[in-house]
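Okay, structure first, notes after.
The values are calculated or read from the model by the stated rules, or taken from the named source; none is laboratory data. Small disclaimer: the values here were computed from a predicted structure and weren't measured. Methodologically, a virtual Cβ is constructed for each residue, glycine included, from the backbone with ideal geometry; neighbour enumeration extends over all protein chains shown. Accessible surface areas use protein heavy atoms only, side chains included; no ligands, DNA or RNA. Shrake-Rupley method; radii C 1.70, N 1.55, O 1.52, S 1.80 Å.
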Amino acid sequence: MFKNFSPSLFFAMAAVTVLIVAPFIMIFHPIFQNEFFQFNNSSATFIPNPLNLRLVLVTSFVLIVMLWILAYRRNMKFYLIGLLLFILSIGIGYLSTQNYLLISQEQLERHHLLEEQKYRWEEFDEVVYEYVVGSNKGDITFTTKTGEQFVIKEKELHSTGKSMIYHFSRANEVTYIEREKR
């Protein structure tokens with residue numbers, strides 16, 4: 001029993017292992033991202049984007065599909081497809097580490113997939129927090145002195161981030177407005 005190596009069984013068991021381990025990766029991914037990202041904890045807040053969890057889920061799904069394909073067939077064509085899916089999963093996994101918001105005394109830095117926005121507090125003209133009545137959730141719209149705008153949605157921010165944006169905008173003499181959503 002178990003004297004002959006079975007590649008089909010190996011790839012199927014690897015897929016099941018990824019399926020079992022994926023939820024733990026999703027749970028601990030934000031913690032690792034917070035711990036391994038270099039920033040000054042006392043004067044900045046690092047907020048991972050919730051999109052990261054979905055990207056980790058997609059990465060796990062791509063790996064499971066790759067392993068099931070290799071468990072089903074193994075010839076040169078399927079090995080190439082498996083290699084492409086593995087490279088795709090590495091790329092998606094890398095993207096899951098590149099989505100964050102860093103709020104510091106000097107600047108506001110937002111990375112979303114392949115887009116990067118860095119603004120010093122002196123570049124902002126106004127910050128508008130629009131909230132829903134009866135809730136503490138709302139979107140924050142930043143307007144630069146050149147007229148450029150970007151919005152941080154409520155799901156990307158928590159109360160500490162909102163508080164730091166308020167304090168840093170006040171400290172840097174940026175107009176901060178709170179109003180109801182229309």
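Okay, here's what the table says:
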{"read-out": "Options ARG110, ARG120: the member that is buried (at least 17 other Cβ atoms within 10 Å of the Cβ) and either within 16 Å of GLY161 (Cα to Cα) or not hydroxyl-bearing (Ser, Thr, Tyr) (or both)", "value": "ARG110"}
{"read-out": "Which numbered condition ILE92 misses (of (1) out of contact with any Phe, Trp or Tyr (no Cβ under 9 Å at 6 or more places or on another chain); (2) free of Cβ contacts under 8 Å to residues at least 24 places away in the same chain; (3) under 30 Å from MET13 (Cβ atoms))", "value": "(2)"}
{"read-out": "Residue within the stretch 68-84 that is under 22 Å from ALA44 (Cβ atoms), open to solvent by 90 Å² or more (accessible area, probe 1.4 Å) and of a type outside the set (S, T, N, Q) present", "value": "no"}
{"read-out": "Output for the stretch 1-60, where each listed residue is of a type outside the set (A, V, I, L, M), surrounded by fewer than 16 Cβ atoms within 10 Å (Cβ to Cβ) and at pLDDT 80 or above", "value": "SER6, PRO7, SER8, PHE10, THR17, PRO23, PHE24, PHE28, PRO50, ARG54"}
{"read-out": "Within the stretch 134-153, considering residues that are modelled with pLDDT of 80 or more and either among the basic types (Lys, Arg) or more than 23 Å from ALA171 (Cα to Cα) (or both), the one least open to solvent (accessible area, probe 1.4 Å)", "value": "LYS153"}
{"read-out": "The stretch 154-182: number of residues that are part of a helix (DSSP H, G or I), touching a residue at least 12 places away in the same chain (Cβ under 8 Å) and surrounded by 13 or more Cβ atoms within 10 Å (Cβ to Cβ)", "value": "9"}
{"read-out": "Options GLU148, GLU154, GLU116, GLU123: the member that is in contact with a Gly (Cβ under 7 Å, 6 or more places away or on another chain) and not hydroxyl-bearing (Ser, Thr, Tyr)", "value": "GLU154"}
